[in-house]
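Asks: Shown below is the structure under consideration.
The values are calculated or read from the model by the stated rules, or taken from the named source; none is laboratory data. Owing to the predicted nature of the structure, the values given are computational and were not obtained by experimental measurement. Cβ placement follows ideal geometry from the backbone for every residue including glycine, while neighbour counts extend to all protein chains displayed.
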Amino acid sequence: MRSAMPAKQAERLCPDAIFVAPDFTRYRAVSRDVREIFKRHTDLIEPLSLYEAYLDVPTNKTCLPTATLVARTIRGQIRQALNLTSSAGVAPNTFLAKLASDWKKPDGLFAIQPEEVDAFVLPLPVGRLPGVGKVKEEKLAKLGIKTVGDLRSLELARLEQEFGRYGVRLYELARGIDENPVVPDRPTKSVSVEDTFPEDVLLADTEPMIRRLTEKLWSASRQESRTPRTIALKLKTREFKILTRSSTRESPPSSCEELTEIALKLRERVNLSPHQRYRLVGVGLSNFRNAESSKGQPFVFE
């Protein structure tokens, strides 16, 4: 995955573009309608966002013979009921299903059969693997690794030496292996928002963006039934070095203003040169716990 282009950068590149304000109330309502369609077929649904979810259909409610036919049926029902397009990927595991769903966007269906995994995966650039961002991609390139096929040639021990525990994940992904199950109602681990600046800025100039992001984060966190204890600030330097500063508290922020104040105080703990420039800032909440204690064969749809 890659971050979306900042609106200011898009406006600079296309000054005649028309920008439409988002309507998240409407998006959430439609997301609920889509999920009701999913429930006609299976209860094994793991939402990833408002517009994306993993489904597992080992035995589907409508007794359709294949996962591909289930996906095709769901796409038709979404179009008929909501007049929306959707893309679906069908594969032996969630990692491959996600890749497959991206293959025919924004309105298509792509299936990867078990015997087709190697033919599909090996030619892919390593940047398509989850967790391989620009920094890891550059590090792999220095090792002569550009495709998943190249990656498969590296021994597990070498990958662990270069990437630590993530090296094991890379070893498995290069072989199309992903043991992560579809987990309905998986507890939230974190909620975060981030944005990339149109131009690299000094730390002192990040306050307006932090304020905007904390407003968005506060609104998103209101959807959670559990409360977070940890607030984190993320910064990415011009050189793509990622810095994080966090604060864990007994009580969660009681207001957007308090959340903003905490995030700005975390910024004060960044001790790089005042001339250092940054390309990205993010704010996140994690370490969720129940509100009571705070008082005291899968496929993916997009």
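Asks: Within the stretch 117-142, can you find the residues that are among the hydrophobic types (A, V, I, L, M, F, W, C) and out of contact with any helix residue (DSSP H, G or I) (no Cβ under 7 Å at 6 or more places or on another chain)?
Replies: Of everything in the stretch 117-142, those that are among the hydrophobic types (A, V, I, L, M, F, W, C) and out of contact with any helix residue (DSSP H, G or I) (no Cβ under 7 Å at 6 or more places or on another chain) turn out to be A119, F120, V135, A141.
Asks: Search the stretch 50-79 for residues that are in the same structural domain as K104 (by TED's automatic domain parsing) and pair each with any residue that is of a type in the set (K, R) when their beta-carbon atoms are under 7 Å apart and the residues are at least 6 apart or on different chains.
Replies: L50/R28; K61/R40; T62/R40
Asks: Can we say S254 is under 30 Å from Y27 (Cα atoms), surrounded by fewer than 17 Cβ atoms within 10 Å (Cβ to Cβ) and in contact with a Phe, Trp or Tyr (Cβ under 9 Å, 6 or more places away or on another chain)?
Replies: No: the conditions fail for S254.
Asks: Next question. Residues of the stretch 19-45 being loosely packed, with under 14 Cβ neighbours inside 10 Å and either of a type in the set (V, I, T) or outside any helix (DSSP H, G or I) (or both), which ones?
Replies: F19, V20, A21, P22, D23, T25, R40, D43, listed by residue number.
Asks: Name the strands (runs of 3 or more DSSP E) wholly within the stretch 178-257 that hold at least 2 residues that are farther than 29 Å from K98 by Cβ and hydrophobic (A, V, I, L, M, F, W, C)?
Replies: Counting at least 2 such residues, we get 190-202.
Asks: Out of the stretch 89-114, which residues are within 13 Å of L55 (Cβ to Cβ), over 17 Å from the mean Cα position of the chain (by Cα) and small (G, A, S)?
Replies: Listed by number, the list holds a single entry, A91.
Asks: What are the residues in the stretch 73-102 that are touching a Ser or Thr at 6+ places or on another chain (Cβ under 9 Å) and over 20 Å from V121 (Cα atoms), if any?
Replies: T73, I74, R75, I78, R79 - these are the residues of the stretch 73-102 that are touching a Ser or Thr at 6+ places or on another chain (Cβ under 9 Å) and over 20 Å from V121 (Cα atoms).
Asks: Any chance the stretch 133-150 includes a residue that's farther than 18 Å from V283 by Cα, outside any helix (DSSP H, G or I) and either under 20 Å from the mean Cα position of the chain (by Cα) or assigned by TED's automatic domain parsing to the domain that holds S254 (or both)?
Replies: The answer is yes; a qualifying residue exists.
Asks: Can you tell which of D195, D178, D205 is in contact with a helix residue (DSSP H, G or I) (Cβ under 7 Å, 6 or more places away or on another chain) and in the same structural domain as E261 (by TED's automatic domain parsing)?
Replies: Exactly one residue qualifies, and that residue is D195.
Asks: Also, I was wondering about something else. Check L50, L13 and return the single one that is touching a Phe, Trp or Tyr at 6+ places or on another chain (Cβ under 7 Å) and closer than 29 Å to L280 by Cα.
Replies: Residue meeting the stated conditions: L50.
Asks: Do we have E116 as modelled with pLDDT under 95, surrounded by fewer than 17 Cβ atoms within 10 Å (Cβ to Cβ) and part of a helix (DSSP H, G or I) here?
Replies: For E116, the condition - modelled with pLDDT under 95, surrounded by fewer than 17 Cβ atoms within 10 Å (Cβ to Cβ) and part of a helix (DSSP H, G or I) - is not met.
Asks: If a residue must be under 22 Å from D102 (Cβ atoms) and surrounded by fewer than 19 Cβ atoms within 10 Å (Cβ to Cβ), how many such residues does the stretch 46-76 contain?
Replies: 12
Asks: Something else now. Take the stretch 185-212 and flag every residue that is under 19 Å from R267 (Cα atoms), touching a Phe, Trp or Tyr at 6+ places or on another chain (Cβ under 8 Å) and surrounded by fewer than 18 Cβ atoms within 10 Å (Cβ to Cβ).
Replies: D200, V201, L202, listed by residue number.
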